[in-house]
Amino acid sequence: RLLQAVAKRITQCAGEDGFVARFGGDEFAIISPHEPNVVDQILESLHASFREPFDLRGTEAHVGLSIGVTRYPEHGDDVDTLMSNADIAMYAAKTAGKNLIRQFASEMQQEVNLRTEVQTRLRHALEVGELSLWFQPKVCAITRRPKGCEALVRWRTADGEYISPGDFIPIAEQTGLILPLGEVVFDLAAEHASRWARQGMAPDVAVNVSPQQLRHPRFLSRLMKTL
């Protein structure tokens with residue numbers, strides 16, 4: 001019902017000569033024959049319309065809207081190029097904070113290439129064991145005594161370069177690599193905790209978990225097996 005309501009609202013804003021299609025999931029596309037200034041007005045009205053909630057038999061649903069825009073022929077002269085660039089622009093809108101409109105620019109393609117490179121290198125890092133854990137102490141504010149620690153994953157490449165978590169964690173989230181990455185973190189944290197226990201120490205170890213991990217049907221069984 002929500003998808004149908006969304007489709008109806010998009011179609012109304014696109015106008016009679018706008019062609020609207022659903023690609024699957026929650027992705028829609030609009031082809032508009034108008035000049036850029038008219039298209040901009042259509043997109044602004046579309047954005048404004050989504051600020052109003054959708055009524056689903058008495059329940060309100062609020063839906064965000066990230067829009068990527070390409071123009072023919074400036075951004076491509078064939079369907080595949082135009083759609084690919086629109087997708088890149090939409091991703092840029094989501095990355096910038098969601099609920100935004102972004103028009104394709106060549107710099108966006110460079111960012112996509114960088115993400116692809118990091119994704120490839122991260123997959124290799126998981127295979128060869130370039131990831132390790134650093135532990136940040138958790139200290140009681142009253143007694144000033146350590147109460148445990150938080151496990152933080154760090155990536156050091158074979159040539160000694162450190163890749164910032166801010167660069168590879170979001171890419172892992174977007175590509176599904178967060179699942180094998182999360183398993184590596186659990187394994188390493190459990191190994192450290194076991195070693196400390198044998199030495200007579202038993203600090204609480206906190207581990208960050210991604211929503212994607214929580215959604216996985218084997219999350220609990222895999223975690224229990226590790227523990």
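The values are calculated or read from the model by the stated rules, or taken from the named source; none is laboratory data. In this text, all values refer to a predicted model and were calculated from it rather than measured experimentally. With ideal geometry, Cβ positions are generated from the backbone for all residues, glycine too; neighbour counts draw on all protein chains shown. Accessible surface is based on the protein model in full, side chains and every heavy atom, while ligands, DNA and RNA are left aside. Shrake-Rupley method; radii C 1.70, N 1.55, O 1.52, S 1.80 Å.
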Query raised in the report: Mind checking whether some residue in the range 202-218 is surrounded by 11 or more Cβ atoms within 10 Å (Cβ to Cβ), within 16 Å of E117 (Cβ to Cβ) and more than 16 Å from the chain's Cα centre (by Cα)?
Result: no
Requested in this report: Go through the range 4-26 and count every residue that is without any contact (Cβ under 8 Å) to a residue 40 or more places away in the chain and either of a type in the set (D, E, K, R) or assigned to a strand (DSSP E or B) (or both).
Outcome: 10
Query raised in the report: From the residues in the range 139-177 that are hydrophobic (A, V, I, L, M, F, W, C) and in contact with a Pro (Cβ under 7 Å, 6 or more places away or on another chain), which one is most open to solvent (accessible area, probe 1.4 Å)?
Result: V139
Report summary line: Selection from the range 75-91 of residues open to solvent by 80 Å² or more (accessible area, probe 1.4 Å) and either polar (S, T, N, Q) or under 14 Å from S32 (Cα atoms) (or both) yields V79
Query - Residue under evaluation R123, criteria (1) at pLDDT below 90; (2) in a helix (DSSP H, G or I); (3) not aliphatic (A, V, I, L, M), criterion not met - result: (1)
**Report entry** Residue that is modelled with the lowest pLDDT [pool: residues in the range 92-114 that are surrounded by fewer than 17 Cβ atoms within 10 Å (Cβ to Cβ) and in contact with a helix residue (DSSP H, G or I) (Cβ under 7 Å, 6 or more places away or on another chain)]
**Finding:** V112
Query raised in the report: Among the residues of the range 22-41 satisfying the criterion of being surrounded by fewer than 17 Cβ atoms within 10 Å (Cβ to Cβ) and within 24 Å of the chain's Cα centre (by Cα), which is nearest to Y72 (Cα to Cα)?
Result: A29
Report summary line: Taking first residues from the range 46-65 that are over 10 Å from L2 (Cα atoms) and second residues anywhere that are exposed (fewer than 11 other Cβ atoms within 10 Å of the Cβ), the pairs with Cβ under 7 Å that are 6 or more apart or on different chains are P53/E60; P53/H62; G64/K98
Query raised in the report: Restricting to the range 41-80, what's the tally of residues that are assigned to a helix (DSSP H, G or I) and of a type in the set (G, A, S)?
Result: 3
Query raised in the report: Considering the range 62-74 alone, what residues qualify as being over 13 Å from K98 (Cα atoms), open to solvent by 30 Å² or more (accessible area, probe 1.4 Å) and either small (G, A, S) or under 25 Å from the mean Cα position of the chain (by Cα) (or both)?
Result: H62, T70
